[in-house]
Amino acid sequence: MGQDALKIKANTFQFFTRNPQGGRAKDINPDDVAKFLQLAKENNFVQFVAHAPYTLNPCSDNPATREFAEMVFKDDLERMEMLPGNYYNFHPGSHVGQGVEQGITMIAGLLNKILKPEISTIVLLETMSGKGSEIGSQFEELRQIIDNTQLSDKLGVCLDTCHVYSAGYDIVGDLDGVLNEFDKIIGLERLKAIHLNDSKMPFASRKDRHEKIGYGTIGLEAIIQIINHPKLKKLPFILETPNELSGWKEEISLLQKAFA
Ligand code: FE
Ligand code: FE
Ligand code: ZN
């Protein structure tokens, strides 16, 4: 992963901790960890983002699914300590009809179970598009999760540009307004990373379909404003655009040229 990142001139990256659809994670070889840490240091990598599997749902109505979420989350956080001080991002969850309040209670409940004062990882709540019964499409919902979590200093937020646009935050027409609202409700100091994606879907559609940079409804101009915004420009930007390595390489080169 580190090598691939270098090849495409990235200085951060995101990876799934296991199959995105769930399942067991591979054992970690300590030699690989040491090699990676060395490479990251030599090339001035900033924090990277580990992504939890999509199937991790702390507020499912199925006890087995909630148990799976707890098992994976706990296991991933333990493994993250081999690479201290990075980010673990997860989709807060889908309440599947139990209601937003109940969902938030269950999400915070899991966080209260597994966060420990000694961990060095910051756990990121991802802003969601609001498809189905997804929690986290409104800044207020993320605020409530944070408020209900005892060790909330371990929590941050990852803002996904495709998701917030689909959720009805107009980062194209009023980026400053959206960031002010984020600051007012959550606090910009919680914002730790950006998922930089264009969107295939219209504004406020509550749909989650990523598009290549510059080919979607957000568009290149707005994306360039985002990466250069004084309140955002120092954050790690992660591309989740539908590409292979060569496509990401082109996007990184395009964005680096536009980065003032
Ligand atoms: Fe995600
Ligand atoms: Fe994302
Ligand atoms: Zn998405």
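The set of residues in region 226-241 that are assigned to a loop (DSSP other than H, G, I, E, B), within 16 Å of ligand 2 (Cβ to nearest atom) and under 18 Å from Lys9 (Cα atoms) comprises Leu235, Pro236, Glu240, Thr241. Of the set (1) outside any strand (DSSP E or B); (2) open to solvent by less than 20 Å² (accessible area, probe 1.4 Å), all apply to Asn89 but (1).
When we screen Ile218, Ile223, Ile186 for residues that are more than 14 Å from ligand 2 (Cβ to nearest atom), within 27 Å of Gly247 (Cβ to Cβ) and at pLDDT 95 or above, the only hit is Ile223. The set of residues in region 145-190 that are open to solvent by less than 10 Å² (accessible area, probe 1.4 Å), outside any helix (DSSP H, G or I) and away from ligand 3 (no atom under 16 Å from the Cβ) comprises Thr149, Leu155, Gly156, Ile186, Gly187. Tallying residues that are among the acidic types (Asp, Glu) and open to solvent by less than 40 Å² (accessible area, probe 1.4 Å) within region 102-135 yields 2. If you go through region 191-209 and keep only what is within 10 Å of ligand 3 (Cβ to nearest atom), within 14 Å of Leu159 (Cβ to Cβ) and free of Cβ contacts under 8 Å to residues at least 60 places away in the same chain, you end up with Asn197, Ser199.
The values are calculated or read from the model by the stated rules, or taken from the named source; none is laboratory data. If you're wondering where the values come from, they're calculated on a predicted model, not measured in any experiment. Positions of Cβ are backbone-derived with ideal geometry, glycine not excepted, and every protein chain shown enters the neighbour counts. Areas reflect the complete protein model, heavy atoms only, side chains present, ligands, DNA and RNA absent. Shrake-Rupley method; radii C 1.70, N 1.55, O 1.52, S 1.80 Å.
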